[in-house]
Amino acid sequence: MLSPKLQEALNKQINEEYYSSYLYRSMVAYMEEKNLDGCAHWMRMQADEEHLHALKIFDYVLERGGKIELQTVAAPPREWDSPLAAFEAALEHEKYMTGNITKLADLALEERDHATNNVMQWYVSEQVEEEANVDDIVNKLRMVGDSGPGIFMMDRELKTRPAPTPIGGEQA
Ligand code: FEO
């Protein structure tokens, strides 16, 4: 059985992951409006991945006999100053999510729940990858600046992002 504290924290994290999916979905719309198909595609893949992150915890809580309490998902921002600003916001958001996961992993250890800590370790690795990926895009966009050909090349590169692997695969 999950402790009440962990059950509450995991439900909160499900909400955070759904918010992440919602945030990236809003960025899809923003990028589409800018006619940046590749950036929109990247954000779409990221939104789908965050949905899978929410589902992985959702299924885990059920597997442990816990209670799911879905909460209201906050409305994400709708506009950013530039595509770079949107990716910078994505990076900040991922750092925030890393903090949440770290707290959850700590709480699991405090509650002596090694199964939950084990699940959180998957998220710890995932966050390292996510921060690195977004950081790389932010750095490249900063290099490119306002250069039209540079943005065109970046957009083409981001269009190649593959779809996330469904839960149960090696990555989500
Ligand atoms: Fe599921 Fe990007 O945090």
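The values are calculated or read from the model by the stated rules, or taken from the named source; none is laboratory data. These numbers come from a predicted model, not from an experiment. Here the Cβ positions follow ideal geometry from the backbone for every residue, glycine too, while neighbour counts run over all protein chains shown.
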| request: Kindly list the number of the only condition in (1) within 30 Å of Phe152 (Cα to Cα); (2) within 16 Å of the ligand (Cβ to nearest atom); (3) assigned to a helix (DSSP H, G or I) that fails for Tyr123. | output: (1)
| Exactly one of (1) touching a residue at least 12 places away in the same chain (Cβ under 8 Å); (2) among the polar types (S, T, N, Q); (3) farther than 22 Å from Arg64 by Cα is unmet by Thr165. Its number? | (1)
| Restricting to the stretch 57-74, what's the tally of residues that are in contact with a helix residue (DSSP H, G or I) (Cβ under 8 Å, 6 or more places away or on another chain) and either among the small types (Gly, Ala, Ser) or closer than 29 Å to His114 by Cβ (or both)? | 12
| query | How many of the residues making up the stretch 32-55 are more than 9 Å from the ligand (Cβ to nearest atom) and in contact (Cβ under 8 Å) with a residue 60 or more places away in the chain? | reply | 9
| task | Take the stretch 57-100 and flag every residue that is among the charged types (D, E, K, R) and either within 13 Å of the ligand (Cβ to nearest atom) or modelled with pLDDT under 95 (or both). | result | Glu92, Glu94, Lys95
| task | Kindly provide the set of residues from the stretch 53-73 that are within 15 Å of the chain's Cα centre (by Cα) and aliphatic (A, V, I, L, M), ordered by number. | result | Ala54, Leu55, Ile57, Val73
